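To start, the structure itself, in structure tokens.
Just so you know, all these numbers are worked out from the coordinates, no wet-lab data involved. Values in this document were obtained by computation on a predicted structure and should not be read as measured data. Cβ atoms come from the backbone with ideal geometry, glycine included; neighbour counts cover every protein chain shown.
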Amino acid sequence: MEVNPFEMAKQQLALVAEKMNLNSDAHYFLKRVERSLIVSIPIIMDDGSLRIFEGYRVHHSTIRGPGKGGVRFSPLVTLDEVKALATWMTWKCALHNLPLGGAKGGVCVDPNKLSKRELERLTRRYTAEIISIIGPDKDIPAPDVGTNAQTMAWMMDTYSMQYGNTVPGVVTGKPLEIGGSPGRSEATGTGLFFVIEKYCEKEGLDLKSMSVIIQGFGKVGSIISKRLYENRTKIIAISEYYGTIYSEKGLNIDELIKWQESGKLITDFKDDSIKLIPNEEFFKIKCDILIPAATENQITEHNANDLNCQIILEGANGPTTPKADEILNKKGIVVIPDILANGGGVIVSYFEYVQDINAYYWDLERVNKELKKIIINAFEAVYKLVKEKNVSYRIAAYMIAVSRVARAIELRGIFP
Ligand code: GLU
């Protein structure tokens, strides 16, 4: 049985509300989303036929600032998934102390089955349908699963055409040439690396001698693989939805990235040390660090007991269910949660937004330096609470995030 992601987000909030004695009104308030917009997106396909796709944009909370969060194009998108992802964005932005709220969008579509022109029409019509609730002061979309810098360029152009002037700050994750930020496309993976490096330093572990397995080799999985490989940490398995590759002596990540960039599947990569294994075996592989970098609902009560790692570094949003969390806690596996570990993406999105609004652009060195500062600050605060209160990293991260949002509600009061 699949766990409904929004139910899961509410369970996580309920758990932490109890631990931190959250005021019951704040809990009541925060388990709801502020607004959900459901839109129909009619598209004339290349063959002249009409198709209508369903899309969503959800604001969970704009208490601490404009909504922020990606847009997902996937055949699995549902309103409840988008609500969960918007809720997680609220906690993520609050934990990293960004002056932003939580939002998310999605269209139920398989982007691989559309031509480039069809995708452009879909993106533009989706943007037009949600235009009343997005904008630099309202809600700033960004890429997520199934979308990329090109999608953001079309969104920015559609919004700008409507407003009569170029508005780069309406979306982040844009191409560099039209107001994107250096380092944005790698930011989630780079942030994951900063976090695991710091964790190992604090715990007296040698990251270089550890073995890692990674689920997903997309925008997040490939970059964290690259950072770890540059650090000489061994990546022994990578799993994609179509198959898993395993090499005891470690995978050559530079070659694998080149291979994938040339349009080939990683399971077709030829190397004598590589074995193909079934996806069901992936989570059982003995390793030090497991990085889920695909989607939610991957580590569940059904496979948590099989895990053979010491640390889980969550690159994806919501990869571990609350029931799995309980099992992992008992097994002594440390879970560094999504809202802390994968915050690099939205942190650099925030920098991009600041640069767009000021029309003054930073270099990569400054972006990475400031990214490190923000993500390590959040890590230190979480680490301190873990040690002080003897709670999991997820509970500690949520305690900090939820208390910031609850405090903002208290300060602002309820209108009218
Ligand atoms: N989709 C990314 C996330 O889940 C980035 C969101 C953003 O940059 O606004 O964190």
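Okay, here's what the table says:
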quantity	calculated
³J(HN,Hα) computed for each position of region 355-363 - Karplus, 6.51 cos²θ - 1.76 cosθ + 1.60, integer Hz, glycine/proline x	5, 5, 5, 8, 6, 9, 9, 9, 8
Charge-dipole axis of the chain as Lys and Arg at +1 and Asp and Glu at -1 on Cβ define it, positive-most pick from 90, 307, 152	90
Burial order of peptide ranges 296-303, 337-344 (average beta-carbon count within 10 Å, highest first)	337-344, 296-303
Estimated [θ] at 222 nm from DSSP helical runs (n ≥ 4, -39500 (n - 2.57)) normalised by residues in the chain, nearest 500	-14000 deg cm²/dmol
Table column - 3J(HN,Hα) (Hz), region 114-125, Karplus curve with 6.51, -1.76, 1.60, x for Gly and Pro	10, 6, 4, 5, 5, 4, 5, 4, 4, 5, 5, 5
Cα-projected label distance for residue 31 with residue 369, points at 7 Å along beta-carbon direction, nm	4.6 nm
D (Stokes-Einstein, µm²/s), Kirkwood Cα radius, region 32-131, 1.002 mPa s at 20 °C	154 µm²/s
Residue 403 versus residue 302: modelled label distance in nm, points set 7 Å from Cα along the beta carbon direction	3.8 nm
Percentage relative contact order, the chain, counting C-alpha pairs under 8 Å, at least six apart	16 percent
Per-pair calculated FRET efficiency, R0 = 41 Å: residue 208 and residue 39 via Cβ, rounded to 0.05	0.25
Overall Cα dimensions of region 345-416 - principal axes, largest extent first, Å	41, 40, 15
Convex hull of the chain built on C-alpha atoms - directionally averaged projected area, nm²	20.4 nm²
Point-to-point label distance, residue 384-residue 201, nm (Cα→Cβ direction, 7 Å offset)	1.7 nm
